[in-house]
Amino acid sequence: MHTAIAETRLAVRRLLPELVGELAVAVSGGADSLALAAAVEHVAHKNGQTVHGLIVDHGLQPGSAEVAARTAEQLHRLGLDHVRVLTVTVDGRGGPEAAARRARYSALREAAPGAWVLLGHTRDDQAETVLLGLGRGSGARSIAGMRALDTPWARPFLDLPRTTTRAACAALGLTTWDDPHNEDPKYTRVRLRHEVLPLLEDVLQGGVAAALARTAAQLREDSDALDAVAAELLERTRAGTELNVTLLSGAPAALRRRVLRRWLLEAGAAELTDAHLRSVDALIAEWRGQGGVWLPGGLEAGRAHGRLRVKRAP
């Protein structure tokens, strides 16, 4: 057996004990997702699990329907149990990349309710994600990158380089499709892939993608530990739907903001930024009788009588 095929199957086998029930593989037609589909079909079928193949046609390029059909044909040949093409409409805020991502993930969720959806993100994708987080100052949670398991998403290939998936597809005789968007320098991630990472590899004499992935893994471990402590503190400071300011005020700022983030998400706040959390935290650490803090989702956080509370903004 070709080494690359063995590596992709081993990566799936390592994660499979965590993936109970039916599995769905999101397949674009690129090397990463096709190699994943082949590995999942081989390993999961031996385990008696049903494997679905889901192909999202974003309709953003001429011929996208034909690409989806060819990909579906290859998945049928691989032996996946059920293969479907999901046609989506890409629109909304945040530019084409963000809109396409929202449409894709929404379609995958709806198509495979209750199933794990496996994604073909590789170590190279993880490195790009970490660099994006660093460049945007998004904090440790963003720099920690993608998780191998993040219900309902599963990413078995986060420790594999992109070269392995390409080699696996070549060895299996699979015809891969290269998305033209992945070569378009108007997208930040494309420039990271083709300009920044190669330069870093040259300057630092190799191993950068693997080092960034290791950094992400270490930060995830630290973040998980802090989240566990924050969850305990949140329960101690709850007063119904409000928070006791006195009990929170003695905690370190980083821990307070984790408590606030969890509390605000539970209250329905969405797309919280570091600036939002720091503004709400100021109601504890820099209290001067100031007014409430507006939050995404039409909410307002405020302080009264030693308690933090969230209400609908007027």
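Coordinate-derived values only; no laboratory data. If you're wondering where the values come from, they're calculated on a predicted model, not measured in any experiment. Here Cβ is always computed from backbone atoms with ideal geometry, including for glycine, and neighbour counts include all displayed protein chains.
Figures for the structure shown
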quantity: Condition check for Leu212: within 30 Å of Arg312 (Cα to Cα), part of a helix (DSSP H, G or I) and either touching a residue at least 12 places away in the same chain (Cβ under 8 Å) or not hydrophobic (A, V, I, L, M, F, W, C) (or both); calculated: no
quantity: Any hit, segment 216-234, residues being small (Gly, Ala, Ser) and touching a Gly at 6+ places or on another chain (Cβ under 9 Å); calculated: yes
quantity: Scope segment 13-72; condition β-branched (Val, Ile, Thr) and either in contact with a Phe, Trp or Tyr (Cβ under 6 Å, 6 or more places away or on another chain) or closer than 20 Å to Trp177 by Cα (or both); matching residues; calculated: Val25, Val27, Val40, Ile55, Val56, Val67, Thr71
quantity: Residue in segment 238-248 that is within 14 Å of Leu283 (Cα to Cα), without any contact (Cβ under 8 Å) to a residue 60 or more places away in the chain and of a type in the set (Lys, Arg) present; calculated: no
quantity: Answer from Arg193, Arg220 - the residue that is under 17 Å from Gly135 (Cα atoms), surrounded by 15 or more Cβ atoms within 10 Å (Cβ to Cβ) and of a type in the set (Lys, Arg); calculated: Arg193
quantity: Residues of segment 132-186 that turn out to be among the basic types (Lys, Arg), farther than 18 Å from Leu78 by Cβ and over 14 Å from the mean Cα position of the chain (by Cα), as a count; calculated: 3
quantity: Residues located in segment 285-314, provided they are out of contact with any helix residue (DSSP H, G or I) (no Cβ under 9 Å at 6 or more places or on another chain) and of a type in the set (Gly, Ala, Ser); calculated: Gly289, Gly291, Gly298, Ala304, Ala313
quantity: Residue in segment 184-198 that is in contact with a Lys or Arg (Cβ under 6 Å, 6 or more places away or on another chain) and in a loop (DSSP other than H, G, I, E, B) present; calculated: yes
